[in-house]
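Only one structure is covered here, and it is reproduced in the block below.
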Amino acid sequence: MHQRQESFGWDRFTIVVGRGDPARSMVAVMTNRPPLAHLHRCDGARNMARFYRLHLERTLFGEWALVRTFGRIGTRGRSLALVFPTRAAALLAFERQRAAKLKRGYGPA
């Protein structure tokens, strides 16, 4: 067996790869802290002051939900949830959404 460290910029986890049964060949050991991103985008010339918040939640059925909350700074905003069967899939979607917002000009709050 060998171990490989991976980092997505917000947390670290270890992937342990073994031999034998394909269903058990890869195990991800992750920290219990759910990822959270709170981003702002402000432009005074365009009268724009927006926020974008991403976080993961566990659903009642054991699935993982990526919750996106967005709107004007100072308001409650709107929330949308995308449900994923595994935490790994939700983490991948979290990083993709975060990267897309950083690319569009959002930055850390």
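The values are calculated or read from the model by the stated rules, or taken from the named source; none is laboratory data. Please read these numbers as outputs of a predicted model, since none were measured by experiment. Cβ placement follows ideal geometry from the backbone for every residue including glycine, while neighbour counts extend to all protein chains displayed.
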Region 55-109, residues that are of a type outside the set (A, V, I, L, M), outside any strand (DSSP E or B) and either within 13 Å of PRO35 (Cβ to Cβ) or not assigned by TED's automatic domain parsing to the domain that holds HIS40 (or both): ARG87, PHE94, GLU95, ARG96, GLN97, ARG98
Restricting attention to region 57-85, report how many residues are touching a strand residue (DSSP E or B) at 6+ places or on another chain (Cβ under 7 Å), hydroxyl-bearing (Ser, Thr, Tyr) and farther than 13 Å from GLN97 by Cα. 2
Consider region 52-109. How many of its residues are of a type in the set (Phe, Trp, Tyr) and loosely packed, with under 12 Cβ neighbours inside 10 Å? 1
